[in-house]
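Since the structure comes first, as structure tokens, the remarks are kept for the end.
No lab work stands behind these numbers, since they all come straight from the coordinates. Computed from a predicted model, the values in this text were never measured in an experiment. Here the Cβ positions follow ideal geometry from the backbone for every residue, glycine too, while neighbour counts run over all protein chains shown.
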Amino acid sequence: MYGITGYSNGYHQNQQQHSAEEKRGGGRRRRGGRRSRHPPGFRVSDHHHYHYNNDDDDDKQEQKAPPPCTDFDMAYFHSYAHVGIHEEMIKVVMDVGCGTGILSIFCAQAGAKRVYAVDASDIALQANEVVKANNLAEKIIVLHGRVEDVEIDEEVDVIISEWMGYMLLYESMLGSVITARDRWLKHGGLILPSNATLYMAPITHPDRYNDSIEFWRNVYGIDMSAMLQLAKQCAFEEPCVETITGENVLTWPHVVKHVDCYTIQHNELESVSTRYKFQSMMRAPLHGFAFWFDVEFNGPTNSPTNNHIPSLLTGASNNNHIDGIQKKKRANPNEALVLSTAPEDPPTHWQQTLIYFYDPIEVEQDQIIEGSLTLSQSKENRRFMNIHLEYSSGGRSYVKESVMR
Ligand SMILES: C[S@@+](CC[C@H](N)C(=O)[O-])C[C@H]1O[C@@H](n2cnc3c(N)ncnc32)[C@H](O)[C@@H]1O
């Protein structure tokens, strides 16, 4: 079965045809992405075969004789002796939660032999159309169903997934990546992104507080401060997804949770707890905490097969993420491909998640802000997130409970 609704792009029915085509060489077609490896004088024809590129029509006589095997040719053939290049051309990929199929298409374009594009939403129907419109139906198999329910009859070399929710863990989609990993990923296979880190930091945001709360003290000369409590509740009861800048952040961030997608287990996601201690770098009203994350694209750090990381990755990171340790900016941002949603980085659709206090705390430079945080999957709906925040500063302690739904 290739999807709980039985919907597929026909892969199941056409499996025999596929194998026959692959035997005929259909599975060994060259991809444009490798053209830069070709020595001068070679081009890829419409039929995907290599021809010596001699455009001089007057030299047709000479073309009959096979061209001499040059040093360029030798270098070219030598490049194909490395197992890595063959490995990269035959990867089988699974896209967990493919949506419109865009990432699956990127994988096919990058040379994947086959991509299983899985999505439980009806968007899978559109994904299938998009795949067909781009003539990739032979390579990309759209499976309309939950990753937990669909069946495929081979292991995959790579799992890709855009699973990250607001505050990283909201939506709880990472569990489905774990399920896919445990069901189908080959030993030593890749998961992209490979790891993720959730950060938190205290923030000051006077403009936001004034616009939402202080505003009510005087509205066109009318004392409307009776609205203050209600305004605080309406504005700040739940986490807010907003864009802030580095200027709002009062300290270096604290690592709430580091996720290694190769090793994380389901039970680790049910509840995440951390204790934090910040020292404010300036005097300012403390309005709450901001949360953001980054994800990296690496090979499995401890795998013995990690000696060949495909060229789409720029190298393994030696960053040691330890939960609870405040992490400064990366020493070398080029170490691995990183997607960051930090306030100082270009905005993304994830923005940052803010938990505002109902009342600001005036902090002095070097003042300690400390406490604990627990993020847990809601029992009512595991895609919702319960947030238990304890914080104290200047001798006073507070607790804030909220739910991200
Ligand atoms: C954030 S979207 C990503 C879409 C697409 N990969 C992209 O980057 O544009 C997440 C997708 O995952 C799908 N999804 C979430 N959990 C799933 C599961 N357990 N099985 C299959 N699809 C799932 C959702 O339906 C949604 O389309």
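Using Cα-Cα distances under 8 Å and only pairs 6 or more residues apart, what relative contact order does region 336-400 have, in percent?
Working: 64 pairs, mean separation 14.8, N = 65.
After rounding, I find 23 percent.
Output the pairs from 277/400; 186/257; 257/277; 91/139; 91/186 with a Cα-Cα distance over 21 Å in this structure; if there are none, say none. Can you show the working numbers first?
On the way: 277/400 17 Å; 186/257 26 Å; 257/277 15 Å; 91/139 11 Å; 91/186 11 Å.
With Cα atoms farther than 21 Å apart: 186/257.
From the phi of every residue in region 280-288, what ³J(HN,Hα) in whole Hz does the Karplus formula 6.51 cos²θ - 1.76 cosθ + 1.60 yield, where θ is phi - 60° and glycine or proline is x?
4, 8, 7, 7, 5, x, 8, 9, x
For region 112-161, just say rounded, prolate or oblate: build the C-alpha gyration tensor, square-root its eigenvalues into a ≥ b ≥ c, call rounded for a/c under 1.5, and beyond that prolate if a/b exceeds b/c, oblate if not.
oblate
Provide the gained length on full extension for the span residue 282 to residue 217, in nm with one decimal, where the gain is 0.36 nm per separating residue minus the Cα-Cα distance. Display every interim value, and only then the final one.
Working: separation 65, 0.36 × 65 = 23.40 nm, distance 2.73 nm.
Full extension of this stretch gives 20.7 nm more.
Using a Förster distance of 22 Å, how high is the FRET efficiency between residue 252 and residue 381, based on the Cβ-Cβ distance and rounded to 0.05? If you can, show how the numbers build up before the last one.
Details: r = 34 Å, r/R0 = 1.54.
Calculated transfer efficiency: 0.05.
Show the residues, 5+ positions off or on another chain, whose built amide H is closer than 5 Å to the amide H of residue 244.
352
For a quick check: sort 199, 220 by the number of other beta carbons within 10 angstrom, fewest at the front. Provide the component values of the computation, followed by the final result.
Values: 199 25, 220 5.
Exposure proxy ranking, most exposed first: 220, 199.
Give me the number: length gained by fully extending residue 71 to residue 339, i.e. 0.36 nm times residue separation minus the C-alpha to C-alpha distance, one decimal in nm. Could you put the intermediate results ahead of the total?
Numbers: separation 268, 0.36 × 268 = 96.48 nm, distance 4.10 nm.
In short, 92.4 nm is gained.
As a footprinting exposure proxy, order 376, 121 by other Cβ within 10 Å, with the fewest listed first.
Details: 376 17, 121 13.
Ascending number of Cβ neighbours within 10 Å: 121, 376.
Can you give the FRET efficiency for residue 242 and residue 187, using 1/(1 + (r/R0)^6), R0 = 41 Å, r = Cβ-Cβ distance, to the nearest 0.05? All intermediate terms of the calculation are to be shown ahead of the outcome.
Numbers: r = 43 Å, r/R0 = 1.04.
So the FRET efficiency works out to roughly 0.45.
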